[in-house]
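A.B. asks: Once you've had a glance at the structure underneath, I'll fire off some questions.
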Amino acid sequence: MIFGSLKNIKNNMENVSGTSVNYAFRIEICTDNRYNPIVLRHLKEIHMSLIGEILPLSHIVLDLEVSSKKRLFEEAAQLLENEAELPNANVFDCLFAREKLGSTGLGQGVAIPHGRHACVKKATGAFIRTKEPVAFDAPDGKPVSLIFILPENATGEHLEVLSKLAGRFSQKAVREALMAATSAEEVRTLLTEE
């Protein structure tokens, strides 16, 4: 029997798939309380589409030549102005202001610069792989080449995106594949697949 109740599915999904998903209903299938694999796959697709929705192919840049974090932010702000119609100065300012509070470098050559600004009406992102690593004050002291830019508004959606991205970037195989990727399509697939 399939039914929905107003319980949070998060705890149930963690037990089944190791993934935290926030939906305001619970789906139970059959009397032995096992979850239908088709339903689980669909819920994962919905969750992963968060990254897919904010990362169109036009927001992916490979082998960008920049020499500093500041120059990277300038290029990212220009990209998001051209592709997402966000004001260049506002994007740069929110990224730079957040970075002053502490580095958004995660280590292992990865950074997720993010910042809040009122001009951002919905979450949007950009992925940049630099041609040469850029100093980023990461915890491990290594420069970064894999950067996901995430200007955001004051909603909780960006926290889910940050969490999912951190999980993807923590996998060595994903980082290596992103470094070897030859197309925006390949990068998007790597960042959005489970």
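A.B. asks: In whole angstrom, note down how far apart the Cα centers of region 142-168 and region 54-108 are.
C.D. replies: After rounding, the separation between the Cα centres reads 12 Å.
A.B. asks: Which order do 119, 94 take by accessible area at a 1.4 Å probe, largest first?
C.D. replies: 119, 94
A.B. asks: Below 23 Å Cα-Cα, how many Lys pairs turn up in region 46-194? Only count pairs eight or more apart in sequence, or on different chains, if you could.
C.D. replies: Going through region 46-194 pair by pair, I get 14.
A.B. asks: Calculate log10 I(q)/I(0) of region 86-188 for q = 0.12, 0.17, 0.22 Å⁻¹, where I(q) comes from the Debye formula with a single equal point scatterer on each Cα and nothing for solvent.
C.D. replies: -0.39, -0.79, -1.26
A.B. asks: Hey, any idea what % of region 106-162's accessible area is carbon plus sulfur with a 1.4 Å probe?
C.D. replies: On region 106-162, the fraction of accessible area on carbon and sulfur atoms equals 55 percent.
The values are calculated or read from the model by the stated rules, or taken from the named source; none is laboratory data. All of these numbers come straight from a predicted model, not from anything done at the bench. Accessible surface areas use protein heavy atoms only, side chains included; no ligands, DNA or RNA. Shrake-Rupley method; radii C 1.70, N 1.55, O 1.52, S 1.80 Å.
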